[in-house]
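Beneath this line is the structure, given in structure tokens, with notes to follow.
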Amino acid sequence: MKKPPIIWTNVSLFTLTFASAVLFVPWYGITYGFEAIEWVSFIVLAFASGLSITGGYHRLWSHRTYKAHASVRFLYALGGALALQNSALHWSSDHRVHHKYVDNNDKDPYSAKMGFWYSHIGWMLREYQSQRYHDYKNVRDLQNDKIVMWQHRFYLPLLIVMNVGLPIFLGWLNGDIIGMLLLAGLLRLVVVHHCTFFINSLAHMWGSQPYTDKNSARDNALIALLTYGEGYHNYHHIFENDYRNGIHWWQYDPTKWLINGLALVGLTHHRRVVPQERIESARLQMQLKRTQSKVANLPNSDEIIEKLQTEYETLKSDLIEYYDAKKLLLDAKRKQLADKQLMTRVKELKLRFKQQQKNWLSLTASFS
Ligand SMILES: [Zn+2]
Ligand SMILES: [Zn+2]
């Protein structure tokens, strides 16, 4: 089959920026040296552009998991131009298709089933999906956002101002334009490019699948470190409407922390989260599935599978009962109607659920 035509703009952009960063940054560092302020600018701009993609393009615009004040959206639009990953409108359109048809090589724009290279960068190097582009039918809602449309319209001048103008200005302030252009401009651009591209490649290949195995998305703490918290991608693909990717406090998710920080000062609101019982049910179901397949070849597999199923059903009903009662209690508290009886019942149900969870975990662990 004939390959689609090469997109020379993208090929030259990725090749030139990568090659110049690899060549000129070390050369300049050895010959003239870099100053601490240039490294600080590198880090600040790396976070500004990376978080604009994850917090803005991804969790705000593609998935609408929260709402943000115009000032925040404006900064995301600038940061998105700095990240040089196309306009928010275009990016979100691609991303919604990715979720809808994940792993479908004909429809998912960066299907991981096409391999590492394709899902990482290859998909942008040829006109693979030209017929779909410039339609933007699946992002009609974003077309009502004036900031999104402004950024889309002026994307080219914006990316030049942000990627060339801003580093030159910072370098001029500091008295070394070339040094700043190389670190805060070039190296930062290349690093953020590949770190965010890992979300489409590595985060669909390497890691665990605690919530679902219906698609290739993985949870991986190491990838979260490189991707501003987007490494909990297995969770994200099953619960895409949740503004969090790392749901536990100990998981590294600076995008979530940013959204929470902005909420504290009233700049973001309506953060959507998936009810805890749905998260736990998904995890439970995966544990059941995995253990069932592990014991399938044992001589007494029928007996074990039956026991697993019974324990699973009990735990599931304990879980539902506990969370339902908890909801009732919360509701009652809101209406200042909470009584001792209800509180004791919730406590009892919680204890029963935790005990059954322990039984379940030791049962499944005995077969792993
Ligand atoms: Zn997504
Ligand atoms: Zn994905």
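Just so it is clear, none of the values below were taken in a lab; they were calculated from the coordinates. Everything numeric in this text was worked out from a predicted model, so none of it was measured. In this analysis, Cβ positions are derived from the backbone assuming ideal geometry, glycine residues included, and neighbour counts consider all displayed protein chains.
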What's the ranking of 74-81, 159-166 by average number of surrounding C-beta atoms within 10 Å, highest first? 74-81, 159-166
If each of Ala221 and Lys2 carries a label point 7 Å out from its Cα toward its Cβ, how far apart are those two points in nm? 5.2
How would you order 301-308, 25-32 from highest to lowest mean count of nearby Cβ atoms within 10 Å? 301-308, 25-32
Highest GNM mean-square fluctuation among His99, His270, His193, for the chain with Cα springs under 10 Å, belongs to His270
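Going highest first, how would you order 272-278, 67-73, 56-62, 199-205 by mean Cβ packing within 10 Å?
56-62, 199-205, 67-73, 272-278
Are any of the pairs Lys316/Lys347; Lys113/Lys214; Lys113/Lys289; Lys107/Lys214; Lys67/Lys146; Lys214/Lys326 more than 25 Å apart by Cα-Cα distance, and if so, which?
Lys214/Lys326
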Could you work out [θ]222 nm for the chain from helices alone, using -39500 (n - 2.57) per DSSP H run of at least four and dividing by all its residues? Round to the nearest 500 deg cm²/dmol. -18500 deg cm²/dmol
Span from the the stretch 3-65 Cα centroid across to the the stretch 282-298 one, whole angstrom: 42
